[in-house]
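> Pasting a structure here, questions to come.
The values are calculated or read from the model by the stated rules, or taken from the named source; none is laboratory data. Computed from a predicted model, the values in this text were never measured in an experiment. For neighbour counting, all protein chains shown are included, and Cβ atoms are generated from backbone atoms with ideal geometry for every residue, glycine included. Accessible surface areas use protein heavy atoms only, side chains included; no ligands, DNA or RNA. Shrake-Rupley method; radii C 1.70, N 1.55, O 1.52, S 1.80 Å.
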Amino acid sequence: MSLPKLWSLHHILLLSVFTGAANGYYNYRWPQCIYSSSDFSDMVFLDSYYFNKYLYVQFNSTVGRFVGFTEFGVKFAEIWNKDPAIIQQLKAEVDTFCKPNAELYKTAIHDKAVAPVVKLSLVKQGDSRHPSLLMCSAYDFYPEKIKVSWLRDGAVVTSDVTSTEKMANGDWYHQIHTELEYTPKAGEKISCMVEHASFKKPMIYDWNPPLPEFEWNGPLLFTAGAAGLMLGIITAAAGFIYYKSTSTDEILVLH
Ligand SMILES: *[C@@H]1O[C@H](CO)[C@@H](O)[C@H](O)[C@H]1NC(C)=O
């Protein structure tokens, strides 16, 4: 693996710190490569010089020369702008420094995809009057771009998808939660489909409804109790008959 190129300080100045009695004075230089396109076509090299918090002179590769912001900065910009060697080298940094490093970061970080962990859950159990609420959650995926949809017997559902929230975990991973309001129909299959850079094809997760809860009520309890009692009587009777028959056999053997 090749390492990023380090910014060389050979041509101009110095990175210096003057320490006063109580406070420090900071004179520093901040080179930056700024871009947002994946082909780096919008790459800008920025070389900024600060004294304490104040930016006094800056080179911007798009502008192609130094621009001073204080009397001191303007003076320095004037001098440096007269040196074609310095200007040529700084302009070239876009190609020699920024782009090769950006390419390294891209292959090392940006192109790495981490698959989401997908979970389906029942948020609210519906009844005869209210629909159920299902939630499809995808956790810990990278990169952020993702598509989560609901399928009803394989067809994409467009209505009744009540909310979609995408959140950054703060550790480069993201999560998303999508809800579906639905009235269960017998034999129908509800699934959540997730499309992400980490998958070769859309992944489908089927919803397995939990078994309906068994409700005990008065008559049911009575029936269960009566059945239990009957079972007890039968068992006792069978035991008694068995005992009787075996003891008779023993008597017979003895004779
Ligand atoms: C660099 O200069 C260009 C052209 O003036 C400007 O559009 C851009 O905002 C500058 N970049 C920064 C970061 O200042």
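> Taking K and R as +1 and D and E as -1, what net charge do the other residues with C-beta under 14 Å from the C-beta of Glu179 add up to?
Summing Lys/Arg as +1 and Asp/Glu as -1 gives 0.
> Let me ask something else. Please compute the Cα-Cα pair-distance distribution of segment 117-206 with 5 Å bins starting at 0, giving whole percents from short to long.
Per 5 Å bin, starting at zero, the Cα-Cα P(r) for segment 117-206 comes out as 3, 14, 24, 25, 16, 10, 5, 2, 1 percent.
> Taking 7 Å along the Cα-to-C-beta vector as the label spot, tell me the Asp42-Ala197 distance in nanometres, rounded to one decimal.
For the pair Asp42/Ala197, the computed spacing is 1.6 nm.
> Please state the relative contact order of segment 111-248 as a whole percent: Cα pairs under 8 Å, 6+ residues apart?
This gives 22 percent for segment 111-248.
> Can you tell me how much longer the chain between Thr158 and Tyr28 gets when fully stretched, taken as 0.36 nm per residue apart minus their C-alpha distance, in nm with one decimal?
Gain in length upon complete extension: 41.3 nm.
> With the other protein chains left in place, how much accessible area per residue, in square angstrom, belongs to segment 102-244 at a 1.4 angstrom probe?
70
> What does the extension gain come out to for Asn81 and Asp127, with contour length at 0.36 nm per residue minus their alpha carbon separation?
Value of the extension gain: 8.9 nm.
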